[in-house]
Ligand SMILES: NC(=O)c1ccc[n+]([C@@H]2O[C@H](COP(=O)([O-])OP(=O)(O)OC[C@H]3O[C@@H](n4cnc5c(N)ncnc54)[C@H](O)[C@@H]3O)[C@@H](O)[C@H]2O)c1
């Protein structure tokens, strides 16, 4: 792999390779773009096939964070870290404190958080060595579990999608097929039931299903694979990525796809075009689920869930703007979201070029 070519290809600013002999830490921190602010993104711990695979993942994910923050209107750049290792057996205090010191060395250019394979517990170890960590427990003054705010953002995006598609944002008597009733799925169903939507739910975890069917009425449970055939107004994937693919896409009988799952399309270009051709309105996943990022971003200014929810409510207008842009410019909704993010970065980058003397001291400018 030609590393600088890989950075140049997607305009990455910096990659830091962290190696600590004592703890065995092997980590890669990728900073994609800091035009809008410090690069924020989670730290993933994964047993990668090889170092190139880990680097590719860090580059791909950090770029995704730039777009997510930009389109959500946050003053943050995009970054991501990966720790190479087994997240079941190799997590320990020293490893994460060693990682935290590398983060601190970047002096705020990168802010870390939990991600796949890491949790609040590890971030507390990281926090012993750096100020530049977010996603800390509520008891320590952090933002805690982001899923209520994420679910609220998904709910707002769904209302905007229905408004765009049908002229009415009401969920009363609408049918929503929810795939995955875990953290986000549960809170989403709560909002949907409060507005009178009917739910078709699928999960591979019986306990998770039992919890939603006990707590809410109006829920029909189907087998995991049958969710793609559900006759519904909306398909809300809240489980795994790549669930809209060559096999499932022709089976969908919905007007809208709007859910929390990251990378829901197996092939972004091809499947977003196929969805548009089938007149299925696709609310881009990274826009819909930005509530999670909004939640941790709020922690940087002193966490307040009320404010985080208010900001997540803005996902309604952001989603609507994406649909209108896609329609006006004859592009897919995913292309529209990317274009809006790129325009914001470009415009703010130009403004920031102007000399202002001493810049404001607040982190979020
Ligand atoms: N939690 C957040 O705030 C947040 C923020 C942004 C994006 N997301 C994304 O949203 C999705 C859901 O996140 P979560 O925090 O609710 O995760 P979770 O692990 O709490 O819930 C996921 C649920 O999906 C179920 N599931 C797994 N495979 C399935 C299958 N094949 N069919 C049906 N159900 C299946 C699991 O059993 C689980 O109950 C993930 O893709 C996550 O990356 C979450």
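The values are calculated or read from the model by the stated rules, or taken from the named source; none is laboratory data. This one's a predicted model, so the numbers in the text were calculated from it and none came from an experiment. Backbone-built Cβ (ideal geometry, glycine too); neighbour counts: all protein chains shown.
Before moving on, here are some points about what is shown:
- Test: residue in the stretch 144-155 that is at negative phi, surrounded by fewer than 18 Cβ atoms within 10 Å (Cβ to Cβ) and touching a helix residue (DSSP H, G or I) at 6+ places or on another chain (Cβ under 6 Å): no
Condition check ((1) within 16 Å of the ligand (Cβ to nearest atom); (2) in the same structural domain as residue 316 (by TED's automatic domain parsing); (3) not in a helix (DSSP H, G or I)) across all residues:
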residue: 95; (1), (2), (3): no, no, no
residue: 100; (1), (2), (3): no, no, no
residue: 111; (1), (2), (3): no, no, yes
residue: 126; (1), (2), (3): no, no, no
residue: 154; (1), (2), (3): yes, yes, no
residue: 159; (1), (2), (3): no, yes, no
residue: 162; (1), (2), (3): no, yes, no
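- Residue that is modelled with the highest pLDDT [pool: residues in the stretch 139-152 that are outside any loop (DSSP other than H, G, I, E, B) and more than 10 Å from the ligand (Cβ to nearest atom)]: 152
- Of the numbered criteria (1) more than 16 Å from the chain's Cα centre (by Cα); (2) in the same structural domain as residue 258 (by TED's automatic domain parsing), the one residue 357 fails is (2).
Condition check ((1) more than 15 Å from residue 259 (Cβ to Cβ); (2) surrounded by fewer than 21 Cβ atoms within 10 Å (Cβ to Cβ); (3) outside the structural domain of residue 291 (by TED's automatic domain parsing); (4) within 14 Å of the ligand (Cβ to nearest atom)) across all residues:
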residue	(1), (2), (3), (4)
183	no, yes, no, yes
188	no, no, no, yes
193	yes, yes, no, no
217	yes, yes, no, no
221	yes, yes, no, yes
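For every residue, the table says whether it meets (1) buried (at least 19 other Cβ atoms within 10 Å of the Cβ); (2) within 13 Å of the ligand (Cβ to nearest atom); (3) under 16 Å from the mean Cα position of the chain (by Cα); (4) part of a helix (DSSP H, G or I).
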| position | (1), (2), (3), (4) |
| --- | --- |
| 239 | yes, yes, yes, no |
| 259 | yes, yes, yes, no |
| 269 | no, no, no, yes |
| 273 | no, no, no, yes |
| 296 | yes, yes, yes, yes |
| 302 | no, no, no, no |
| 307 | no, no, no, yes |
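- Filter pass, residue 78 being within 28 Å of residue 320 (Cβ to Cβ) and part of a strand (DSSP E or B): yes
- In the set (1) at pLDDT 95 or above; (2) part of a loop (DSSP other than H, G, I, E, B); (3) within 21 Å of residue 299 (Cβ to Cβ); (4) touching a helix residue (DSSP H, G or I) at 6+ places or on another chain (Cβ under 6 Å), residue 107 fails one condition alone, (4).
- Taking the stretch 323-347 as the range and being in contact (Cβ under 8 Å) with a residue 60 or more places away in the chain and buried (at least 16 other Cβ atoms within 10 Å of the Cβ) as the test, the residues that pass are 323, 332, 333, 334, 335, 337, 338, 340, 341, 344, 345.
- All conditions but one from (1) part of a loop (DSSP other than H, G, I, E, B); (2) surrounded by fewer than 21 Cβ atoms within 10 Å (Cβ to Cβ); (3) in contact with a strand residue (DSSP E or B) (Cβ under 7 Å, 6 or more places away or on another chain) apply to residue 118; the one that does not is (2).
- Residue check for residue 243: surrounded by fewer than 24 Cβ atoms within 10 Å (Cβ to Cβ), in the same structural domain as residue 156 (by TED's automatic domain parsing) and in contact with a strand residue (DSSP E or B) (Cβ under 6 Å, 6 or more places away or on another chain): yes
- Considering the stretch 164-181, the residues that are part of a loop (DSSP other than H, G, I, E, B) and away from the ligand (no atom under 15 Å from the Cβ) include one that is surrounded by the fewest Cβ atoms within 10 Å (Cβ to Cβ), namely 167.
- Among the candidates 208, 201, 232, 277, residue that is more than 16 Å from the ligand (Cβ to nearest atom), over 20 Å from the mean Cα position of the chain (by Cα), in the same structural domain as residue 158 (by TED's automatic domain parsing) and modelled with pLDDT of 95 or more: 277
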